[in-house]
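Below: the structure, in structure tokens.
The values are calculated or read from the model by the stated rules, or taken from the named source; none is laboratory data. Treat the numbers as computed from the prediction; the structure is a model and nothing was measured. Reconstructed Cβ throughout: ideal geometry from the backbone, glycine too, with neighbour counts over all protein chains shown.
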């Protein structure tokens, strides 16, 4: 499951070269990466629906017990299909909508980078790995929101989004560390088995509030919704 994430990161790095070589066809060609990954994940619908969960894991920071772990179950499969399916459509549509815009290669790169980070978030089974991908979505959102970087308004909006979601990400990290201290593990799939013990712990409420703060800032929920409206890339005039 790490391979699909790396494929999207790789596609992001080649987006400029693809646009230079393929011109207006670049969006369709680049959309093949998430499109083929959509088909790849669709192959697991039957086994996941029957109750199977696929897992992959590699040592990352062994001294701290941090692993680069991924898990494909019903919920993560649903979101993986959404990320890759909608992502492919956005690349094709964006290529047509921004036709002739000299910044189009940067849009392709940022969008593919965003997709890769999002795919990492939904597949991660280690809380620290999830946090890393979570923060990468903040970086890619900054690039997308600041697409019209020649305009002061766009730069201000991008910085505002980065500060709000980045601050929320720090709150999320603090909540994750508290949760890890309570549960003795950072493996997300293992936390459910300890739900009762976690909820009875004195650190449960602070950890919950910090994690919710991270989630609320990222998803622009009240009262952190002010950074979202009108922050999308605009067609050059």
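The helices (runs of 4 or more DSSP H) found entirely in the range 1-103 that carry 1 or more residues being under 18 Å from residue 113 (Cβ atoms) and in contact with a strand residue (DSSP E or B) (Cβ under 8 Å, 6 or more places away or on another chain) are 2-13, 74-97. All of (1) at pLDDT below 85; (2) in a loop (DSSP other than H, G, I, E, B) hold for residue 193 with one exception: (2). I need every pair where a residue in the range 42-69 that is outside the structural domain of residue 184 (by TED's automatic domain parsing) and within 19 Å of residue 84 (Cα to Cα) has its Cβ under 8 Å from the Cβ of a residue that is at pLDDT 85 or above and part of a strand (DSSP E or B), sequence separation at least 6 or different chains. The qualifying pairs are 44/54; 44/72; 48/54; 48/72; 54/71; 54/72.
Just to verify a result, which residue in the range 196-223, among those that are under 22 Å from residue 122 (Cα atoms) and at pLDDT below 80, is surrounded by the most Cβ atoms within 10 Å (Cβ to Cβ)? Here the answer is 220. Here residue 160 fulfils each of the conditions (1) touching a helix residue (DSSP H, G or I) at 6+ places or on another chain (Cβ under 6 Å); (2) surrounded by 19 or more Cβ atoms within 10 Å (Cβ to Cβ); (3) in a helix (DSSP H, G or I) apart from (2).
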